[in-house]
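Below you'll find the structure, written out as structure tokens, and then a few comments.
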Amino acid sequence: MLDTAKMVEQLDVLIGEYQEMLRRGPEGVLSSDRAKLLASRLESAIDRLAVPGSSYVRQLDHLRDDKRTTNRIRAIYSIARGLREDLNAGWTESVVEMVHADTHSDYLEMSETLLRSGYKDAAAVIAGTALEVHVRALCVKNGVDTELADGTPKKAIVMNADLKKADVYATLQEKQVTAWMDLRNQAAHGNYEKYDINEVRALASGVRDFMLKYPA
């Protein structure tokens, strides 16, 4: 298992690179290609180490489309610092350890483990992630484009509609997948009062059945 100390260590490396870049770099260094690369690495680290649906990931979501490198890297650095401090203090340890445990063979197993411990919101996000990954895999299997004409990855909801158009599954299944994705989005955006733990259990169970019925 990737323990908290290792997670903090990974963040420390990137945080140190940012601070060193500021110390040694010329004016405007935060808009350089080096800064763009470091911003991407910091973003990847937060995605990898933070609990899905957590405040760190939600803050990051607001920055993903920001093309202003200087503003973006400063904000992502602040998120990484916050995550690092909370990990080091042990405040996120209980959920993080479950999410990153080697005993979890896939997203749905993670989701079900979190559900058993009462973490319905993280469980909803992870089950929804499993669904989105499977929908993309179904597109690849069935020759459905996963990117727009400009090379931008399609949103899961668009791929779901495309799978229905390609007769991979029917309208009823498309609507059910849409409902599951909506629940996942509610969780990811912090609208925790919009659903309860029984709905998350139904989501995880339904996604597992969906993956068996439509293997990719």
Take the alpha carbon gyration tensor of region 143-216, find the square roots of its eigenvalues, order them as a ≥ b ≥ c, and report rounded if a/c is under 1.5; if not, report prolate when a/b exceeds b/c, else oblate. oblate
Quick check on the chain: take the gyration tensor over C-alpha atoms, sort the square-rooted eigenvalues as a ≥ b ≥ c, and tell me if it's rounded (a/c under 1.5), prolate or oblate. oblate
Taking a threshold of 30 Å on the Cα-Cα distance, which of the pairs Lys6/Lys154; Lys67/Lys154; Lys6/Lys36; Lys6/Lys141 fall above it? Lys6/Lys154; Lys6/Lys141
Roll a 1.4 Å probe over the protein heavy atoms and report the accessible area of Lys6 in Å², nearest 10. 100
For region 2-77, what relative contact order do you get, as a whole percent, if you take Cα pairs closer than 8 Å and at least 6 residues apart? 35
Using a 1.4 Å probe over the heavy atoms of the protein chains, calculate the carbon and sulfur portion of the accessible area of the chain as a whole percent. 50
The extension gain from Lys165 to Thr69, computed as 0.36 nm times the residue separation minus the Cα-Cα distance, is 30.7 nm
Just to verify a number: what accessible area does Leu172 come out at with the full protein assembly present, 1.4 Å probe, Å² rounded to tens? 140
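The values are calculated or read from the model by the stated rules, or taken from the named source; none is laboratory data. Every value quoted in this text rests on a predicted model; they were computed, and no experiment measured them. Accessible surface is based on the protein model in full, side chains and every heavy atom, while ligands, DNA and RNA are left aside. Shrake-Rupley method; radii C 1.70, N 1.55, O 1.52, S 1.80 Å.
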